[in-house]
Amino acid sequence: MGSRASTLLREEEIEEIKKETGFSHSQITRLYSRFTSLDKGENGTLSREDFQRIPELAINPLGDRIINAFFPEGEDQVNFRGFMRTLAHFRPIEDNEKNKDPIASEPLNSRSNKLLFAFRLYDLDRDDKISRDELLQVLRMMVGVNISDEQLGSIADRTIQEADQNGDNSISFNEFIKVGNFLIFCIFGNMNYYLT
Amino acid sequence: MGWFLLPFDNLLCIVLGISFTVGFSSLLVIVVPAVLGVSIGIRRLYMKSLLKVFEWATVRMERGAKEKNQHLYKPYSNGIIAKELSSLEQEIQELRASGTTLSSEPEFEMADIMYFCRRGVESIVDDEVTKRFSAQELESWNLLTRSNFNARHISLRLSVLWGLGLFIRYSFLLPLRVTLAASGIGLLVVLTTIVGFIPSGWLRTYLSEKIHLMSYRICVRSLTAIITYHNSENKPKNGGICVANHTTPIDVIILANDGCYSMVGQIHGGLIGVVQRAMVKSSPHIWFERSEVKDRHLVAERLSNHVADKTKHPILIFPEGTCINNTSVMMFKKGSFEIGCTVYPVAIKYDPRFGDAFWNSSKFGMVNYLLRMMSSWAIVCSVWYLPPMSREEGEDAVQFANRVKAAIATQGGLVDLLWDGGLKRGKVKNTFKEEQQKLYSKVLVIKCQRSPTHCLGEALDQRIYWIGSLKVISITMNYSDTISIAMNYSETM
């Protein structure tokens, strides 16, 4: 129930999340309310089933991969911090965000972090390379049964041929940045929030 | 020891005496108008004074929050994020257009995943369906703990007010309401059974109507329901079906307060079963055994027979099949729209400030729910009777159902969704995902040999129009996307 929204999230936690992700105070409380409404087990974490209960996500061909992106390696539960960290990738890039602290790490919604997010959607085994199989898997998820294996295979081969520069028949992160028009990721990787 | 207890005895007597007098007189004041069918106007006065108190409470909370320099939690009714509502086709073309591909043939681009990715994350942050199955959030606080999000900002004065409210609601209003409800139901059962002995004829019908109306009036007062009926000239007539959006089982009482309907439903055991069996003795309601519910032909047959008999009251049906939280109208099941008689749509909209009427059946059982209803301030709602509709030429049951649904949604100020209310408990069908996959594969492979509807599966509505030599086909799918495909005419032929 939403009544727990502002009581269970302490001010210190909100401040920490603000620093880490760049969301504003009201955005964080609003997203916490959303998090608790998805958390049917009421134990402060979300499981994969909680995500799959969202019908619009369940019918998304890449739904499972997107859900996967929220969960850290090998874990089955994600807490609110992890949830916000992943959502932070989709904040619009603010070019005038001057980092006062030069040692501070790059903001989560920077261009390269957005691209890394997209790269990881393909690279399931996290070996920093998109192999032909991994590419085929994602393609198959997106087209379903409507394209034959041969056609899909040739599309995959063509894509790797265009992207691969060092001849290892797979796409590394650097090759990925060059072939994918990275502007697209920045435009499409944004969600505009109503409140500030 | 006796002298010690005497003052307490006296005190107890006095307290009991006062509470009985107060209780009995309020009962009289409420029941007598109910039996006679008149309204004194106490409830509306009550409603107005409550509103003033709520506004005062909200202002105090805002002031309290400002003093502490904190933020007040405010619900946003139009969602958290601004969603792009363009179709898959359009967005992928945009992706391609702003890309640097030299070839004019659309091929796979690695960035294509971003379309699905963004849609997916958007639905995680805010989706149209899951929020319909939990109670609506309020803009201002109505002194009920269950709807309070800003517990930290309550000052002492507010707490006192809240405590007073709690006391009034639980110790005065609740017992009064329970007594009223019990008497209302009791009267219904006893009187309908008695009338059941009278042979069929105008006397029986007349008495039965009066009894039903009287009992429902008492029940309405037991919930302190303040109902405004609009457009009564469109009230459902015999030989028709009345459809309405479903928020709570109380919808039945609210509608039956103003007219006589024949109810449709499954016969239950226990108290509800007793009431059902009594009701059917004096007027023809349609109750099904559990086993009969699955047999769609039987259901349709009984409904058609009932509707064909013009002496019987209109049937009351809730086509959504489940309770939705009154912010939207979900898919109407087509069964009742196949029968082919006049449909009388009714829109019911509750005012959540006085008590949220939505029954969250996964959270609360029936008894718990009724207790919550009877301990809220009031149930305030508006009922609009819409002009009757019939199925048009060339319209099938699903299109007719959607048309009726759109009319109800517009009138009640609710969001019109194509999603199935059954998603409250069940999983979404895989066919929707397959539709999306088909759409995307169409983008990858330019030439589609088969016709558009064949490619895309079940189309609800298809309009074809021409722009020059381009044949544009606009198809409404059975999920909430309307997509347009422009195809070069010469290629398809």
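The values are calculated or read from the model by the stated rules, or taken from the named source; none is laboratory data. Everything numeric here is computed off the predicted structure, so don't read it as measured data. Using ideal geometry, Cβ is built from the backbone for each residue, glycine included, and neighbour counts are taken over all protein chains shown. The accessibility values were calculated without ligands, DNA or RNA, using every heavy atom of the protein model including side chains. Shrake-Rupley method; radii C 1.70, N 1.55, O 1.52, S 1.80 Å.
Worth a mention:
- B:W162, B:W202, ranked by accessible area, largest first (probe 1.4 Å): B:W202, B:W162
- Extending 7 Å from Cα along the Cβ direction at B:L36 and again at B:A182 yields two label points whose distance is 2.7 nm.
- Among B:M47, B:M114, B:M331, the sequence by solvent-accessible area, most first, with a 1.4 Å probe is B:M331, B:M47, B:M114.
- Lys, Arg +1 and Asp, Glu -1 on Cβ, resulting dipole of segment B:309-411 about Cα centre, debye, nearest 20: 320
- Surface analysis of segment B:299-347 yields an accessible area of 35 Å² per residue, using protein heavy atoms and a 1.4 Å probe.
- For the segment B:126-132, counting C-beta atoms of other chains within 10 Å of every residue's C-beta and taking the mean gives 5.
- Between A:E49 and B:E62, the C-beta separation translates, for a Förster distance of 41 Å, into a calculated FRET efficiency of about 0.60.
- Amide N proximity, segment B:164-194 versus B:L27 label position 7 Å along Cα-to-Cβ, cut-off under 16 Å: B:172-188
- Neighbour-limited loop hits for GluC sites (Glu not before Pro), segment B:269-368 (at most 15 other Cβ within 10 Å; DSSP other than H, G, I, E, B): B:E289
- Ranked by solvent-accessible area (1.4 Å probe, protein heavy atoms only, all chains present), the residues B:D112, B:D396 order from largest to smallest as B:D396, B:D112.
- Those lysines that a straight Cα-Cα span of less than 19 Å connects to B:K237, excepting residues fewer than 8 apart in one chain: B:K210, B:K310, B:K312
- Averaged over the residues of peptide B:14-21, the number of Cβ atoms from other protein chains lying within 10 Å of each residue's Cβ is 0.
- When the pairs A:K178/B:K442; B:K66/B:K131; B:K131/B:K349 are compared against a 21 Å limit on Cα-Cα distance, A:K178/B:K442; B:K66/B:K131 fall above it.
- Potential extension, A:L116-A:Q165 segment - 0.36 nm per residue separation minus Cα distance: 15.8 nm
- In the assembled protein chains, B:T224 presents an accessible area of approximately 20 Å² (probe radius 1.4 Å).
- Local charge for B:I194 was computed over the other residues whose Cβ lies under 13 Å away, with Lys and Arg +1 and Asp and Glu -1, and equals +3.
- Portion, in percent, of the accessible area of segment B:296-354 that falls on carbon or sulfur, probe 1.4 Å: 54
- Distance between the pseudo-spin-label points of A:L136 and B:S304 (7 Å out from Cα toward the beta carbon): 5.4 nm.
- Rounded to the nearest 10 Å², the accessible area of B:V32 at probe 1.4 Å: 70
- Between A and B, accessible area buried - total, square angstrom, nearest 100, 1.4 angstrom probe: 5800
- Cα-based shape type of segment B:194-313, given that a ≥ b ≥ c are square roots of the gyration tensor eigenvalues and the cut on a/c is 1.5: rounded
- Estimated inter-spin distance, B:M366 and A:E13, nm [label 7 Å along Cα→Cβ]: 3.9
- The accessible area of A:R158, taken with all protein chains in place and a 1.4 Å probe, comes to roughly 90 Å².
- The mean count of C-beta atoms from other chains within 10 Å of the C-beta of residues in B:421-428, rounded to a whole number, is 2.
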